[in-house]
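To start, the structure under review is shown below, and the notes come after it.
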Amino acid sequence: MKEISANPLVRIKRKKYRDAASGLLMALPPVIGFFLFGFIPQLVSLWLGFQELHSFDFSQAQYAGFSNFVAIFKDPAFLKSIGNTFLYMISTPVCIFLGMGIALLLSAKGVKGKKFFRSVFFIPYVCSVVATTVMWYWIFEKDFGILNGILAGLFGESARVNWLEEVWPFRTALLIMLVWSGCGYNIILYQSAIAAVDKNLYEAAEIDGANARQQFCHITWAGISPTTFYMVVMGVIKGFQAFTMHQIWGSQVGGGGPDQSAVTMVYYIYEKAWVTPFRYGMGYASAASWILAVMIGVITVIIFNLKKKERA
């Protein structure tokens, strides 16, 4: 009788073990992937940051202490890359405000073609970054670009702007492209957040005599603020990691753009590691990448602390 009564417990335990084993097996591939392609490369990169290595043969690495980090902060090009990175990060708040405004318009009652406009605004986000970057490069081209063609047709040949070879026109053009490519994602997120706000709150506010501005400030904004916080955090991280668009334009113009205006921090790391490895090398680039990682971590922590203070 004891053996029979113990059987259900044994079966339950065996099922728990099987479930645990199957769960571990399911979780194992991404864990192994992170360990091989994330954790180990990070450790190697940290080790390289303290080495002098001007080739891709790790056996030639020589311990250099903090000399790589000191040299990086003394390099005017690195300081310029920090300034460029923060400058192009202006596109983040612009994308947030534009995304919010367009989402509010598309969420209004009586607006027709919402699905069509939603698709149109989202297309730039899902298109190939390389293809759209080259497309915008030709739009801003001085002699044959569409934009200068329109300006010349309206105001004469003197209205042509040398977008790609002068510093501030180049930066302005790059910011326009960044905003164009980043707004669609924010529009979709904001539309979802606005749709999730309880409509009964608006009805109650109207009964109490609240106008449109008051409804937005006290109901809509409260409902979409978590989405806004997510956009800010992800936008800042994405801004620090900006590379592809800047590298393509910098390579097309040459020298990282006029006065190295396209050189962001990641672009700087790429150049030191892959373009001029025998002058700077993998150790130098690894040290720069860890400086970038620390900056991202510090600013992300600051943003989260500001959010906590706001709640308090």
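Every number here is computed from the coordinates shown, using simple stated rules; none is lab data. Predicted model only: the values in this text are computed from it and were never measured. Virtual Cβ from ideal backbone geometry, glycine too; neighbours counted across all protein chains shown.
For the peptides 237-243, 139-145, residues were scored by their other Cβ atoms within 10 Å and the scores averaged per peptide; the highest-first order is 237-243, 139-145.
The modelled label-to-label distance between HIS218 and LEU25, using points 7 Å beyond Cα along the C-beta direction, is 5.8 nm.
The length gained by stretching the chain between VAL161 and VAL197 to full extension, at 0.36 nm per residue less their Cα-Cα distance, is 8.4 nm. Note on LEU154 and VAL134: the extension gain reaches 4.7 nm, defined as 0.36 nm multiplied by sequence separation minus the Cα-Cα distance. In this simple spin-label model, placing a label point 7 Å from the Cα along the Cα-to-Cβ direction at both ILE82 and VAL94 gives a separation of 2.4 nm.
Listed options for Rg/Rh (Cα atoms, Kirkwood Rh) are (1) 1.11; (2) 1.14; (3) 0.99. The value calculated from this structure is the one marked (1). Per-residue Karplus couplings for the range 253-263, computed as 6.51 cos²θ - 1.76 cosθ + 1.60 with θ equal to phi - 60°, are listed in order as 6, x, x, x, x, x, 6, 6, 5, 8, 7 Hz, Gly and Pro entered as x. On the beta carbon distance between LEU175 and MET295, with R0 = 22 Å, the FRET formula returns roughly 0.55.
Bridging of LYS109 to lysines at a Cα separation below 26 Å is possible for LYS199, once same-chain residues fewer than 8 apart are set aside. Between ARG18 and GLN42, the simple spin-label model (points 7 angstrom out along Cα→Cβ) gives 3.7 nm.
Dipole of the range 100-205 computed with +1 at Lys/Arg Cβ and -1 at Asp/Glu Cβ about the Cα centre; of TRP136, VAL126, ALA159, farthest Cα towards the positive end is VAL126.
For GLN51, the residues whose modelled amide H falls within less than 5 Å of its own, excluding neighbours fewer than 5 places apart on the same chain, are ALA64.
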